[in-house]
Amino acid sequence: MRNRCDAVKGAAAAVRSYLASGDEVLLVGEPVSPADACVTPTVGQDGGVRTVRSPQDAACLRVRDQNRLAFVVAPGSATDQIAGILGVLRTRFPRLRGQHPDGWCYTMTDLLATSRSVLAESDTVLLAGDAETPHTAAVRASGCGTPAHRIRGLNDLFVHHIDAPTIALTGSHTAVGELVLRVLSGLGPLSTVERTTRTRVGGECVASAVATGNNGAVGRSAD
């Protein structure tokens, strides 16, 4: 299974390889979560790496030589975002080459798919813990509009947060998340449902995301 560390190492290696070949390198996409930011060599320096975060960036991009141009996908980006950017780049620069999809990071793509699926069926979502994680970033980026509440401790948990038939929960395996589950289970019959999204490339599972939903059901996302 490919994790974010593998993807970051792979992206950095691809950048070095293209630079060594004399290509101008485009780092395509933008991590949804700051925790997934990819540090690559010589970003922004002459002869180094250019960042292309959106189709608008791609439309205005000026390059030294369109015949010596390569792209690398920024780990932590969502593949639907990447597809839009690459569509513009390939139209403008037909000889663009780049990182094989086997090396892309699919973690955030899977987390977003899971979050959107679970939140569409949930009445509220509890974000357990202090830290902003890829899971909470996926909830915020999902665009579902489900009411979200940050729960740093039980003193942040109020009746109106859990007065709902179906509750989604991120950070369920943190200390705070486990306390929240314990409180919910003490209020009456509780059913926990898990939903998983996995992307496979060439038969290998490269990323996975798990979420859960309360009927008295609680939807939990993987941590």
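State yes or no: is LEU69 crowded, with 16+ Cβ neighbours inside 10 Å, at pLDDT 90 or above, out of contact with any Cys (no Cβ under 7 Å at 6 or more places or on another chain) and of a type in the set (A, V, I, L, M, F, W, C)?
Yes, satisfied.
Going by the structure shown, is ASP123 without any contact (Cβ under 8 Å) to a residue 40 or more places away in the chain, among the acidic types (Asp, Glu) and either farther than 21 Å from ALA78 by Cβ or in contact with an Asp or Glu (Cβ under 6 Å, 6 or more places away or on another chain) (or both)?
No.
Return the pair list, or none, for Cβ contacts closer than 6 Å from residues in segment 59-84 that are in the same structural domain as ALA11 (by TED's automatic domain parsing) and of a type in the set (Lys, Arg) to residues that are buried (at least 16 other Cβ atoms within 10 Å of the Cβ) and not in a strand (DSSP E or B), at least 6 apart or on different chains.
If the second residue must be buried (at least 16 other Cβ atoms within 10 Å of the Cβ) and not in a strand (DSSP E or B), the pairs left are ARG68/ASP23.
When segment 85-118 is examined, which residues are found to be in contact with a Ser or Thr (Cβ under 7 Å, 6 or more places away or on another chain) and without any contact (Cβ under 8 Å) to a residue 60 or more places away in the chain?
Hits for segment 85-118 are ILE85, ARG116.
Can you confirm whether ARG140 is basic (Lys, Arg) and either part of a strand (DSSP E or B) or in contact with a Pro (Cβ under 6 Å, 6 or more places away or on another chain) (or both)?
Values: basic (Lys, Arg): yes; either part of a strand (DSSP E or B) or in contact with a Pro (Cβ under 6 Å, 6 or more places away or on another chain) (or both): no.
No; evaluated as a whole, the condition is false for this residue.
Condition test on VAL125, is it aliphatic (A, V, I, L, M) and either in a helix (DSSP H, G or I) or in the same structural domain as GLY10 (by TED's automatic domain parsing) (or both)?
Working: aliphatic (A, V, I, L, M): yes; either in a helix (DSSP H, G or I) or in the same structural domain as GLY10 (by TED's automatic domain parsing) (or both): no.
No.
If THR170 satisfies every condition in (1) surrounded by 19 or more Cβ atoms within 10 Å (Cβ to Cβ); (2) polar (S, T, N, Q); (3) over 14 Å from SER115 (Cα atoms) but one, which is the exception?
Looking at each condition in turn, THR170 falls short on (3).
Among what's in segment 162-193 and is out of contact with any Leu (no Cβ under 6 Å at 6 or more places or on another chain), hydroxyl-bearing (Ser, Thr, Tyr) and within 17 Å of HIS149 (Cβ to Cβ), pick the residue that is modelled with the highest pLDDT.
Across segment 162-193, the extreme among qualifying residues is THR166.
Within segment 93-106, can one find any residue that is surrounded by fewer than 24 Cβ atoms within 10 Å (Cβ to Cβ), more than 25 Å from VAL183 (Cα to Cα) and basic (Lys, Arg)? Outline the logic, then answer.
Quick first cut of segment 93-106, residues surrounded by fewer than 24 Cβ atoms within 10 Å (Cβ to Cβ) only: 93-103.
Add one more test, that the residue is more than 25 Å from VAL183 (Cα to Cα), and what stays is 93-103.
Then keep just the ones that are basic (Lys, Arg); that gives 95, 97.
Among the residues of segment 93-106, at least one is surrounded by fewer than 24 Cβ atoms within 10 Å (Cβ to Cβ), more than 25 Å from VAL183 (Cα to Cα) and basic (Lys, Arg), which makes the answer yes.
If we keep just the residues of segment 147-161 that are part of a loop (DSSP other than H, G, I, E, B) and of a type outside the set (Gly, Ala, Ser), which is modelled with the highest pLDDT?
PHE158
Please verify whether HIS149 is surrounded by 16 or more Cβ atoms within 10 Å (Cβ to Cβ), in contact with a His (Cβ under 6 Å, 6 or more places away or on another chain) and not β-branched (Val, Ile, Thr), treating the condition exactly as stated.
Yes; evaluated as a whole, the condition is true for this residue.
The values are calculated or read from the model by the stated rules, or taken from the named source; none is laboratory data. Source: prediction; values computed, not measured. Neighbour counts run over all protein chains shown; Cβ positions are idealised from the backbone, glycine included.
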